[in-house]
Structure formats: C-alpha cells, structure tokens
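This report refers to the structure that appears directly beneath it.
The values are calculated or read from the model by the stated rules, or taken from the named source; none is laboratory data. Just so you know, these numbers come straight off a predicted model, no measurement behind them. Positions of Cβ are generated from backbone atoms using ideal geometry, with glycine treated the same way; all protein chains shown enter the neighbour counts. Just so you know, the surface numbers come from the protein's heavy atoms only, side chains and all, with ligands and any DNA or RNA stripped out. Shrake-Rupley method; radii C 1.70, N 1.55, O 1.52, S 1.80 Å.
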Amino acid sequence: NAGVTQTPKFQVLKTGQSMTLQCAQDMNHNSMYWYRQDPGMGLRLIYYSASEGTTDKGEVPNGYNVSRLNKREFSLRLESAAPSQTSVYFCASTHAGPDQPQHFGDGTRLSIL
Amino acid sequence: RKEVEQDPGPFNVPEGATVAFNCTYSNSASQSFFWYRQDCRKEPKLLMSVYSSGNEDGRFTAQLNRASQYISLLIRDSKLSDSATYLCVVNTHAGNNRKLIWGLGTSLAVNP
C-alpha cells in the first residue's frame, strides 16, 4: 500500500528558480491538500482540491499554484522560489472533505538559498 | 485567543507513567476532532478521532468536553515508542467553508 507518495523528498533551489512538487494517492480519495510546516507555526494549508477539477486557496497561497491533474495527482508549483518558502511540504488526502482523517505523504524538504 | 491551543511541553515522563494532554478550541460550532502523532522529521499520522461520547483505543483514551471547549488525550502505561509530538486538530466553519485547524503540538518524551 503506497498511500500518498510525494516527490522529491529533498530539494535545494536558488532564489528565483521554479519547481513542481508532485503528489499522488492510490486510495481513490476525492480530496487532496498541500500544507507547509515551519518551526513554531504548525501545519498551514496552502491549497486544497475538494474533488477532481476543483482547487481552492488555503491559508497561505501566495507564491504557489496547484494543478489537480486527475483524481490521483495534485501538484504544487513554485514559480519563482523565495527564501521564505523554505519549509517542509506535506501532501495529504481524505475520502471527502477536510473534516475526515487525513493521510499524509512523507513530505518534501525544500531549501531555497 | 488562538483557534486551537496546546501546551507545547515538553512532557518528560518515565516508562509506565500515565500522561494527559489537553487542547482547547475557540469555535463552539466545531464538529470534528482528531489527535495525530508526529515523529521527528516525519509526517503526521492519525492517532484517533475524538467522538462526543469519548473513545478508547488500547492505552489511549480521547475525551471531548464541549461545555469547556477542549479535547483531551490520555496515555496509560507509557512506552518509549510513545515519544513524539501530539497534534490536536479541530474543524472550523467559516460561512460555507469547512477547514481543519492544526495545533502546534505537545511534545512527549518517555524516558527509561
């Protein structure tokens, strides 16, 4: 059971570079989420997709874009990376809606120099 | 007042001890409550949902107190492997939007 798979696990970027974080789930879940976790800040929602074909902003969407490619995949893109985006990024999924147990990927540790 | 508050700890307890954490929430209309566990540099994992009547899973007991707006987690007979950060999660409603609010976590260290 793979569950939620994130790639890459680690990445170092220079300021201004772009990259896409990939997330895929094999649990046939409808809803998917992108979070960032920073020391002293807890988990903060960046974007979410309640169902295939829909995306919505979360608490901290600035500097990010997302694509719900299909039911399985939800990607997060940094168009022009900034040092403030150095963080650990987690993708999660739920069967339907945010008030159900969330299943997380292993995380992507992103450093922007 | 923060939407979800937890005592950050750390709680240092010996093996075999009983330890309890509380988590307070500000939105009286909240309906869903969870405890997650997060090991250092790992992803959060669901420990248990919290039901209105309280629920138990082995050594773990979760309680909900709606009147005082807090949930609790009790761990009995602590094991070294229980050392982790415990995250409280509460849903909130803002208009038609539902979202989960994550606490910052309570750190537990179980010592031999």
A:Arg77 fails exactly one of (1) open to solvent by less than 60 Å² (accessible area, probe 1.4 Å); (2) part of a strand (DSSP E or B), namely (1)
Taking region A:92-113 and keeping residues in a strand (DSSP E or B) and either surrounded by fewer than 22 Cβ atoms within 10 Å (Cβ to Cβ) or more than 9 Å from chain B (Cβ to nearest Cβ) (or both) leaves A:Ser93, A:Thr94, A:His103, A:Thr108, A:Arg109, A:Leu110, A:Ser111, A:Ile112
Counted residues in region A:16-41 being open to solvent by 60 Å² or more (accessible area, probe 1.4 Å) and either under 12 Å from the mean Cα position of the chain (by Cα) or acidic (Asp, Glu) (or both) come to 2
Here the qualifying pairs (Cβ atoms under 6 Å; residues six or more apart or on different chains; first in region A:1-18 and under 30 Å from A:Asn30 (Cα atoms); second among the charged types (D, E, K, R) and surrounded by 15 or more Cβ atoms within 10 Å (Cβ to Cβ)) come out as A:Gln6/A:Asp106; A:Phe10/A:Arg109
In the set B:Tyr51, B:Tyr86, the lone residue that is open to solvent by 70 Å² or more (accessible area, probe 1.4 Å) and within 23 Å of A:Phe104 (Cα to Cα) is B:Tyr51
Can you spot a residue in region A:67-74 that is hydroxyl-bearing (Ser, Thr, Tyr) and surrounded by 18 or more Cβ atoms within 10 Å (Cβ to Cβ)? no
Exactly one of B:Ser107, B:Ser72, B:Ser78, B:Ser83 is more than 11 Å from chain A (Cβ to nearest Cβ) and farther than 16 Å from B:Asp39 by Cα, and that residue is B:Ser72
Subset of region B:18-32, residues part of a loop (DSSP other than H, G, I, E, B) and either open to solvent by less than 90 Å² (accessible area, probe 1.4 Å) or among the hydrophobic types (A, V, I, L, M, F, W, C) (or both), comes to B:Thr18, B:Ser26, B:Asn27, B:Ser28, B:Ala29, B:Ser30, B:Ser32
Among residues of region B:55-83 being within 30 Å of B:Pro14 (Cα to Cα) and charged (D, E, K, R), the residue least open to solvent (accessible area, probe 1.4 Å) is B:Asp82
